[in-house]
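Enquirer: Sharing a structure with you now.
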Amino acid sequence: MKISAARPGDVTKLLAFREEAAAWLTRLGSDQWQRPYPADRLLATIQAGSVFMVLDGDVTAATITLSRDVEEGLWTEPELSELSSFVTKLTVARTHAGQNLGGRLLDWAGDRAYREGVKWLRLDAWTTNEALQRYYLRQGFEHVRTVREGGAVNGGPRVSGWLAQRPASPANHHFIDCTQSP
């Protein structure tokens with residue numbers, strides 16, 4: 001399998017990919033990702049070079065967004081003074097579930113961050129998705145805290161405020177890396 005940067009023409013495919021994940025989460029009883037993701041925001045992150053796709057032949061097996069951009073109100077100023085890369089929208093196709101693609105993508109992200117001179121690989125997970133939180137803990141992340149207030153809509157409750165981090169470090173992720181690596 002290879003990992004490459006998403007291109008603007010991948011927007012429709014990635015939106016459908018997210019809808020598939022949202023439907024699966026609903027079947028599990030989670031309220032995560034129930035609102036459609038805006039295509040213009042996805043396109044902007046693709047154009048910024050932050051969205052990556054794992055391809056198994058011609059099939060999109062997984063996707064991850066990795067950037068230095070941080071959502072306001074989650075991390076403290078002292079934390080932000082340490083170089084960090086932030087993981088968002090990690091998604092694995094149901095056809096490729098159970099193959100540790102998510103873990104390998106996190107290793108790839110940590111390796112890439114390390115090569116960029118970054119100290120931390122950080123993320124925020126859905127506050128009510130305890131299974132996802134346990135998954136990240138099994139992947140070597142440490143829970144930092146849960147931010148429940150200050151959401152994007154009128155400062156109301158935050159839906160994705162479970163914060164975790166692990167040191168950026170070299171890793172053998174076993175992907176053919178077709179990205180423009182640092």
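Enquirer: Take region 73-102 and flag every residue that is of a type in the set (A, V, I, L, M) and outside any loop (DSSP other than H, G, I, E, B).
Expert: LEU80, VAL87, LEU90, VAL92, LEU101
Enquirer: For ASP124, work out the one condition from (1) surrounded by fewer than 18 Cβ atoms within 10 Å (Cβ to Cβ); (2) under 16 Å from the mean Cα position of the chain (by Cα); (3) acidic (Asp, Glu) it doesn't fulfil.
Expert: That leaves (1) as the condition not met.
Enquirer: State whether the residues of region 136-157 include one that is modelled with pLDDT of 95 or more, closer than 17 Å to GLU71 by Cβ, touching a strand residue (DSSP E or B) at 6+ places or on another chain (Cβ under 7 Å) and among the small types (Gly, Ala, Ser).
Expert: no
Matching residues to (1) within 25 Å of ARG35 (Cβ to Cβ); (2) among the charged types (D, E, K, R); (3) without any contact (Cβ under 8 Å) to a residue 12 or more places away in the chain:
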residue	(1), (2), (3)
ASP56	no, yes, no
THR65	yes, no, no
GLU71	yes, yes, no
TRP75	yes, no, no
LEU83	no, no, no
THR91	yes, no, no
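Enquirer: Tell me, yes or no, whether region 117-126 has at least one residue that is part of a loop (DSSP other than H, G, I, E, B), within 16 Å of ALA168 (Cβ to Cβ) and either touching a Gly at 6+ places or on another chain (Cβ under 6 Å) or not aliphatic (A, V, I, L, M) (or both).
Expert: We begin by selecting, within region 117-126, every residue part of a loop (DSSP other than H, G, I, E, B); these are 117-119, 126.
Adding the requirement that they be within 16 Å of ALA168 (Cβ to Cβ) leaves 117-119.
Then drop every residue that is not either touching a Gly at 6+ places or on another chain (Cβ under 6 Å) or not aliphatic (A, V, I, L, M) (or both), which leaves 117, 119.
For region 117-126, residues part of a loop (DSSP other than H, G, I, E, B), within 16 Å of ALA168 (Cβ to Cβ) and either touching a Gly at 6+ places or on another chain (Cβ under 6 Å) or not aliphatic (A, V, I, L, M) (or both): present.
Enquirer: Which numbered condition in (1) crowded, with 21+ Cβ neighbours inside 10 Å; (2) in contact with a Ser or Thr (Cβ under 8 Å, 6 or more places away or on another chain) is the only one that VAL92 fails?
Expert: Against the list (1) crowded, with 21+ Cβ neighbours inside 10 Å; (2) in contact with a Ser or Thr (Cβ under 8 Å, 6 or more places away or on another chain), VAL92 comes up short only on (2).
Enquirer: Go through region 85-112 and report how many residues are touching a helix residue (DSSP H, G or I) at 6+ places or on another chain (Cβ under 8 Å) and among the small types (Gly, Ala, Ser).
Expert: The qualifying residues number 3.
Enquirer: Let me ask another. Can you tell me which condition ASP107 does not meet? The list is (1) at pLDDT 95 or above; (2) among the acidic types (Asp, Glu); (3) under 13 Å from the mean Cα position of the chain (by Cα); (4) part of a loop (DSSP other than H, G, I, E, B), and all the others hold.
Expert: Against the list (1) at pLDDT 95 or above; (2) among the acidic types (Asp, Glu); (3) under 13 Å from the mean Cα position of the chain (by Cα); (4) part of a loop (DSSP other than H, G, I, E, B), ASP107 comes up short only on (4).
Enquirer: Regarding LEU163, is this residue among the hydrophobic types (A, V, I, L, M, F, W, C), under 23 Å from GLY49 (Cβ atoms), modelled with pLDDT of 90 or more and crowded, with 17+ Cβ neighbours inside 10 Å?
Expert: Details: among the hydrophobic types (A, V, I, L, M, F, W, C): yes; under 23 Å from GLY49 (Cβ atoms): no; modelled with pLDDT of 90 or more: yes; crowded, with 17+ Cβ neighbours inside 10 Å: yes.
So LEU163 fails the test.
The values are calculated or read from the model by the stated rules, or taken from the named source; none is laboratory data. Nothing here was measured: the structure is a model prediction, and the numbers come from that model. Every residue, glycine among them, receives a Cβ derived from its backbone with ideal geometry; neighbour counts consider all protein chains shown.
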